[in-house]
Each structure stands twice: as structure tokens, then as C-alpha cells.
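The values are calculated or read from the model by the stated rules, or taken from the named source; none is laboratory data. The model shown is predicted, which means the values in this text are computed figures rather than measured ones. Cβ coordinates were reconstructed from backbone atoms using ideal geometry, including for glycine residues, and neighbour counts include every protein chain displayed. When the accessible area is computed, the model is the full protein with side chains, heavy atoms only, and any ligands, DNA or RNA have been set aside. Shrake-Rupley method; radii C 1.70, N 1.55, O 1.52, S 1.80 Å.
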Amino acid sequence: MTSPDQPAPSAPADSSLANRYGGQKRSLTPGVKRAIAGGALAVGIGFLAWVSTSNSLSAVSFKDVGYSTPDATVAEVDFQVTREPGTPVKCAVKALDSRYAVVGWKVVDIPADAPEGTQGTADGGRTVSQRVTVRTESLSVSGVVDSCWATNGSGQKV
């Protein structure tokens with residue numbers, strides 16, 4: 001018998017910790033680890049395929065060529081647009097001041113067939129050069145293309 005002054009004997013440390021915090025975790029088997037790695041690899045390859053396919057489907061790119069500022073109310077922006085032949089495109093062109101604030105903005109239609117004012121290149125009509133005049137509210141020091149996108153015949157984004 002134990003006296004009331006002495007505590008009761010405690011259980012061994014291993015069993016009391018296991019009861020309190022749970023037993024030791026089992027590690028994954030090599031087969032499960034291989035299945036997880038294979039699944040992650042398949043998801044990664046699928047994502048890369050989606051990214052490369054979605055970029056090639058839009059297939060509209062642009063390149064800033066130059067700009068000029070004839071006076072404080074006008075900026076002229078030269079750029080090239082590459083798209084699939086027969087695809088109408090719209091481009092947003094902006095003029096910037098010395099603090100990079102937008103002082104002029106214009107959305108330009110580029111029809112499926114290059115009009116008289118544009119110059120085609122030797123790549124079968126995929127790339128067309130454009131010169132756009134943008135009205136500005138103050139002197140601009142730069143003119144750039146903000147974005148370009150393919151449209152359907154009615155001008156809506158594809």
C-alpha cells in the first residue's frame with residue numbers, strides 16, 4: 001500500500017507519450033511514393049502542354065519600332081503586328097509623358113487584309129507595319145503599343 005503522502009507510481013514514459021500524442025507515423029511505401037511522383041509529373045506535363053498550346057492559338061504579337069512627336073498635341077507610333085493571315089486585329093496604342101503617365105490613347109483596327117496605308121513583309125502577310133497618330137493632352141516623350149488581340153469580323157475579342 002502507498003501512503004497518502006506519496007504519489008502513485010507513473011506509467012513508463014514511452015506508453016504515456018504514445019497515449020498523449022499518438023503512435024509513431026508510418027512512412028509511405030516506395031510504390032505509393034512512385035505513384036505520387038508519376039501523378040505530379042503527369043500534371044506538370046499537362047500544364048506545360050496547355051500553356052504552349054494556348055499561346056500558339058492566340059498567335060498575335062507586336063513589336064514597337066519607333067515613335068515621333070511632331071508637336072505637343074500629337075504622337076506618331078510605328079509598330080509591327082504579326083498574326084495569322086486573314087485575322088483582323090485591334091491594338092491599343094498609348095503615348096506617355098516624361099513621368100510615364102498616359103497622355104494619349106487610341107485603339108487601332110488592323111483588318112484581315114492589309115489596307116493601302118500599311119506595308120506587308122515577305123512572310124506571306126503575317127506581319128504588317130503600322131503608323132498611328134495619337135492625339136495627346138500634353139507633350140509626349142514616348143509612344144508604345146499596350147496590347148494587341150485578334151477579333152472576329154464584328155470587332156469582338158476572340
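Here are the numbers for this structure:
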| item | result |
| --- | --- |
| Projected label distance in nm at Ser61 and Arg34, using a 7 Å step from Cα toward the beta-carbon | 4.2 |
| Amide hydrogen neighbours beyond the local backbone of Gly125, cut-off 5 Å, H modeled | none |
| Extension gain from Lys106 to Arg26, taking 0.36 nm per residue of separation minus the Cα-Cα distance | 22.4 nm |
| Å² of accessible area per residue within segment 22-74, as computed with a 1.4 Å probe and no ligands counted | 82 |
